[in-house]
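Structure first, then comments.
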Amino acid sequence: MVTLVIATHNKGKVKEFREMLEDCPVEVKSLLDYPQCPEVVEDGNSFEENAVKKAETIKEYTGEMVLADDSGLEVDYLEGKPGIYSARFAGEGARDEDNNKKLLELLKGVPPEKRGAQFTCVIAIAAPGRETVSVKGVCRGIIVDAPRGEMGFGYDPLFLVTEYKKTFSELEPEIKNSISHRGKAMEKAAAVLRELLQRR
């Protein structure tokens, strides 16, 4: 069984990836299994640069196949912010609640038709002796004016998917995974993984 390291400490993200990779013949690990792993500074100018840097750095350290993602929320009214700074929008070490609070403050009084946003996810797959491959997924929605729902993480309670009239935090995980930015990118990434595994 081939080991695939998910380059994150985020338990919510690891759980989502595990569910999405159920059909892939890989043993899924994460950075939680490699406590000595170096911290990767995400100093790229795009989701892709950050994902590739993470994947390649962790591949060098572990010697395993690595899947890394960089994702974030891009709000139309804020000209694409928070973007690559989504996780630290309210400052270094910010909690989800802090980031959500800051976003709501910036959108105070902005009408629904101007609250369009998209979640973007870029996944990079780095394997020893192979060229790193990256794929992208996008999900459009709008930002509601107060958190809704108990599931999910990050900006999920504020991101409303109009076709379901529910936020990511209110949607069943199976539905969220099938329509989300990460789900769409993961579908493409799974195809890349299968091809890599066949060539081994």
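The values are calculated or read from the model by the stated rules, or taken from the named source; none is laboratory data. Keep in mind it's a predicted model, so treat the numbers as computed, not measured. Note that each Cβ is placed from the backbone with ideal geometry, even for glycine, and that neighbours are counted across all protein chains shown.
Every condition in (1) touching a Leu at 6+ places or on another chain (Cβ under 8 Å); (2) in a loop (DSSP other than H, G, I, E, B); (3) surrounded by 17 or more Cβ atoms within 10 Å (Cβ to Cβ); (4) not hydroxyl-bearing (Ser, Thr, Tyr) holds for Ile142 except the one numbered (2).
Tally time: how many residues in the range 124-140 are in contact with a Lys or Arg (Cβ under 9 Å, 6 or more places away or on another chain) and over 17 Å from Ala68 (Cβ atoms)? I'd like the intermediate steps shown before the answer.
The initial filter retains those residues of the range 124-140 that are in contact with a Lys or Arg (Cβ under 9 Å, 6 or more places away or on another chain), namely 124, 126-128, 130, 132, 135-139.
Filter once more, keeping what is over 17 Å from Ala68 (Cβ atoms): 138-139.
Matching residues across the range 124-140 total 2.
I'd like to know if the range 113-134 contains one or more residues that are crowded, with 22+ Cβ neighbours inside 10 Å and modelled with pLDDT under 95. Yes, the range 113-134 contains a residue that is crowded, with 22+ Cβ neighbours inside 10 Å and modelled with pLDDT under 95.
Put simply, of Lys108, Lys59 the only residue that is out of contact with any helix residue (DSSP H, G or I) (no Cβ under 8 Å at 6 or more places or on another chain) and not in a loop (DSSP other than H, G, I, E, B) is Lys59. Within the range 84-115, which residues are within 21 Å of Val161 (Cβ to Cβ) and either touching a Ser or Thr at 6+ places or on another chain (Cβ under 8 Å) or of a type in the set (Asp, Glu) (or both)? Hits for the range 84-115 are Ser86, Asp96, Asn99, Glu113.
If you go through the range 88-97 one residue at a time, do you hit one that is touching a Phe, Trp or Tyr at 6+ places or on another chain (Cβ under 7 Å), in a helix (DSSP H, G or I), modelled with pLDDT of 95 or more and not β-branched (Val, Ile, Thr)? Working first, answer last.
Going residue by residue through the range 88-97, those that are touching a Phe, Trp or Tyr at 6+ places or on another chain (Cβ under 7 Å) are 96.
Applying the additional criterion that residues be in a helix (DSSP H, G or I) yields 96.
With modelled with pLDDT of 95 or more added as a condition, the list becomes none.
No: zero hits.
When Ser71 is tested against (1) in contact with a helix residue (DSSP H, G or I) (Cβ under 8 Å, 6 or more places away or on another chain); (2) under 25 Å from Ile142 (Cβ atoms); (3) without any contact (Cβ under 8 Å) to a residue 60 or more places away in the chain, exactly one condition is not met: (3).
Note on the range 168-178: residues that are crowded, with 18+ Cβ neighbours inside 10 Å and free of Cβ contacts under 8 Å to residues at least 60 places away in the same chain amount to 5. In the range 5-50, the qualifying residues are those that are part of a strand (DSSP E or B) and not β-branched (Val, Ile, Thr), and the one that is nearest to Leu196 (Cα to Cα) is Glu27.
I'd like to know if the range 108-116 contains one or more residues that are within 23 Å of Lys15 (Cβ to Cβ) and under 20 Å from the mean Cα position of the chain (by Cα). No, the conditions are met nowhere in the range 108-116. Residues in the range 145-167 that are buried (at least 19 other Cβ atoms within 10 Å of the Cβ) and in contact (Cβ under 8 Å) with a residue 40 or more places away in the chain were compared, and the one that is farthest from Pro82 (Cα to Cα) is Gly152.
Restrict the check to the range 113-132 and report whether at least one residue is closer than 22 Å to Tyr77 by Cβ and assigned to a loop (DSSP other than H, G, I, E, B).
To start, the set of residues in the range 113-132 that are closer than 22 Å to Tyr77 by Cβ comprises 113-121.
Restricting the remaining residues to those that are assigned to a loop (DSSP other than H, G, I, E, B) gives 115.
Yes, some residue in the range 113-132 is closer than 22 Å to Tyr77 by Cβ and assigned to a loop (DSSP other than H, G, I, E, B).
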